[in-house]
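A.B. asks: I'd like to ask you about the structure that follows.
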Amino acid sequence: MLSFSGLYATEFQGGPPVYNHMRTLNSVKAHKLFILDSYQNQFCYYVGFGGEMDFERSVIALITKIANEYKVPPENIIATGSSKGGAAALYYSFKYQFGKAVIGAPQIYIAKYLEQRASSDSMRLRYQNLLGDHSLKGKAFWNGLILNQAYQARTFPELHFHVGKGDFHYTDHLKILLQVLDEKKVDYTLDLGAYEEHKNTGIYFTPFLLQKVQDMVTRKEEEQ
């Protein structure tokens, strides 16, 4: 099980990243890998700056090393995360053909989201670092990161989504991905929470995440 961390509030001012869901997933009987998104003293959505993908290469090397050590094939890897972590879980599970993904309120248009959040000098600097030396190219890269993988993929993980039905992450981000999945006739489940504020995602995603991964692990044990 992979846990990708979301953006902690203090990271917008240069604070350190924070692990997510460690206590939530403690009772699940599976190997777990919690990964921080920390590159040159800021977040990089587990990829790198300006589409260079140098951080991504180190992340997938770590995942592959641990999976090989415990003899876990890609189809038995569960990618999880919410918000930024949900975006990363989608990207990695699509690109590297992991078997399952449990996603909470992900950003799909990453550059668009960060541009809206870049209200301070500190955040504008981090946003510009993420875009790289060529802003227009960087925006196109980040806004297309996940959708391009969805369009290119021939196989998909078992997908489970949660988002607040009033959260703009549903209307402005997730819906476009779900349209692509519908066009490609990809099965998924969607849990819509009765809330509007993105900051409430953790309250509702946490029990959803725990239930889904417990069901997956139990199902796997029964198959064996």
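A.B. asks: How many residues are open to solvent by 60 Å² or more (accessible area, probe 1.4 Å) and part of a strand (DSSP E or B) if we restrict to the stretch 168-190? Can you show your working first?
C.D. replies: Within the stretch 168-190, the subset open to solvent by 60 Å² or more (accessible area, probe 1.4 Å) is 168, 171-172, 175, 179, 182-185, 187-188, 190.
Right, trim to part of a strand (DSSP E or B) and you get 188, 190.
The number of residues fulfilling the criteria is 2.
A.B. asks: If K71 satisfies all but one of (1) in a loop (DSSP other than H, G, I, E, B); (2) closer than 23 Å to I203 by Cβ, what's the number of the condition it fails?
C.D. replies: With (1) in a loop (DSSP other than H, G, I, E, B); (2) closer than 23 Å to I203 by Cβ applied to K71, the lone miss is (2).
A.B. asks: Since S119 meets every condition but one in (1) part of a helix (DSSP H, G or I); (2) open to solvent by 40 Å² or more (accessible area, probe 1.4 Å); (3) of a type outside the set (F, W, Y), which condition does it not meet?
C.D. replies: (1)
A.B. asks: Now for a different question. Go through (1) in contact with a strand residue (DSSP E or B) (Cβ under 6 Å, 6 or more places away or on another chain); (2) open to solvent by 10 Å² or more (accessible area, probe 1.4 Å); (3) over 21 Å from F12 (Cα atoms) one by one and return the number of the condition G164 breaks.
C.D. replies: (2)
A.B. asks: How many residues are over 28 Å from V217 (Cβ atoms) and either touching a Pro at 6+ places or on another chain (Cβ under 7 Å) or among the aromatic types (F, W, Y) (or both) when one looks only at the stretch 171-194?
C.D. replies: 1
A.B. asks: Restricted to the stretch 193-214, and to residues that are under 17 Å from S3 (Cα atoms) and out of contact with any Gly (no Cβ under 9 Å at 6 or more places or on another chain), which residue is surrounded by the most Cβ atoms within 10 Å (Cβ to Cβ)? Before you say what the answer is, go through the steps one by one.
C.D. replies: If we filter the stretch 193-214 for residues that are under 17 Å from S3 (Cα atoms), which is where we start, we get 201-214.
Cutting the leftovers down to out of contact with any Gly (no Cβ under 9 Å at 6 or more places or on another chain) gives us 207, 210-214.
Numbers: P207: 11, L210: 17, Q211: 13, K212: 21, V213: 24, Q214: 15.
Among them, the one singled out is V213.
A.B. asks: Given the structure, is H173 in contact with an Asp or Glu (Cβ under 8 Å, 6 or more places away or on another chain) and at negative phi? Show your work before the answer.
C.D. replies: Numbers: in contact with an Asp or Glu (Cβ under 8 Å, 6 or more places away or on another chain): no; at negative phi: yes.
Here the answer is no, as H173 does not meet what is asked.
A.B. asks: For the stretch 123-139, how many residues meet the condition of being part of a helix (DSSP H, G or I), small (G, A, S) and surrounded by 15 or more Cβ atoms within 10 Å (Cβ to Cβ)? Give the derivation first.
C.D. replies: Kept after step one, since they are part of a helix (DSSP H, G or I), are these residues of the stretch 123-139: 123-131, 135-139.
Pick out the ones that are also small (G, A, S) and you get 135, 138.
Filter again for surrounded by 15 or more Cβ atoms within 10 Å (Cβ to Cβ), leaving 138.
Residues in the stretch 123-139 being part of a helix (DSSP H, G or I), small (G, A, S) and surrounded by 15 or more Cβ atoms within 10 Å (Cβ to Cβ): 1 in total.
A.B. asks: Restricting attention to the stretch 48-66, and to residues there that are of a type in the set (V, I, T) and out of contact with any strand residue (DSSP E or B) (no Cβ under 9 Å at 6 or more places or on another chain), which single residue is surrounded by the most Cβ atoms within 10 Å (Cβ to Cβ)?
C.D. replies: Pass one, the stretch 48-66, residues of a type in the set (V, I, T): 59-60, 63-64, 66.
Next cut, out of contact with any strand residue (DSSP E or B) (no Cβ under 9 Å at 6 or more places or on another chain) only: 60, 64.
Numbers: I60: 15, T64: 12.
By that ranking, first place goes to I60.
A.B. asks: Being within 19 Å of the chain's Cα centre (by Cα) and either without any contact (Cβ under 8 Å) to a residue 12 or more places away in the chain or open to solvent by less than 40 Å² (accessible area, probe 1.4 Å) (or both) is the filter; apply it to the stretch 21-38 and report the residue that is nearest to V72 (Cα to Cα). Step through it out loud before you land on a result.
C.D. replies: Keep residues of the stretch 21-38 that are within 19 Å of the chain's Cα centre (by Cα), which gives 21-25, 31-38.
From the residues that got through so far, the ones that are either without any contact (Cβ under 8 Å) to a residue 12 or more places away in the chain or open to solvent by less than 40 Å² (accessible area, probe 1.4 Å) (or both) too are 21, 23-25, 33, 35, 37.
Values: H21: 21, R23: 23, T24: 22, L25: 18, L33: 12, I35: 17, D37: 23 Å.
The extreme case among them is L33.
A.B. asks: I'd like the full set of residues that are in a loop (DSSP other than H, G, I, E, B) and either of a type in the set (A, V, I, L, M, F, W, C) or surrounded by fewer than 19 Cβ atoms within 10 Å (Cβ to Cβ) (or both), limited to the stretch 1-20. Outline the logic, then answer.
C.D. replies: Quick first cut of the stretch 1-20, residues in a loop (DSSP other than H, G, I, E, B) only: 1, 5-8, 14-20.
Answer for the stretch 1-20, where residues must be in a loop (DSSP other than H, G, I, E, B) and either of a type in the set (A, V, I, L, M, F, W, C) or surrounded by fewer than 19 Cβ atoms within 10 Å (Cβ to Cβ) (or both): M1, L7, Y8, G14, G15, P16, V18, Y19.
A.B. asks: Here's another thing I want to ask about it. Give me the residue from the stretch 67-103 that is of a type in the set (A, V, I, L, M) and over 15 Å from F34 (Cβ atoms) and, out of that set, most open to solvent (accessible area, probe 1.4 Å).
C.D. replies: Here is the first cut: in the stretch 67-103, the residues of a type in the set (A, V, I, L, M) are 67, 72, 77-79, 87-90, 101-103.
Then keep just the ones that are over 15 Å from F34 (Cβ atoms); that gives 72, 87, 90, 101, 103.
On the way: V72: 39, A87: 3, L90: 0, A101: 0, I103: 0 Å².
Among those residues, the one meeting the criterion is V72.
The values are calculated or read from the model by the stated rules, or taken from the named source; none is laboratory data. None of these values were measured; they are calculated from a predicted model. Note that we place each Cβ from the backbone using ideal geometry, even for glycine, and neighbour counts take in every protein chain shown. The area values use the complete protein model at the heavy-atom level, side chains included, leaving out ligands, DNA and RNA. Shrake-Rupley method; radii C 1.70, N 1.55, O 1.52, S 1.80 Å.
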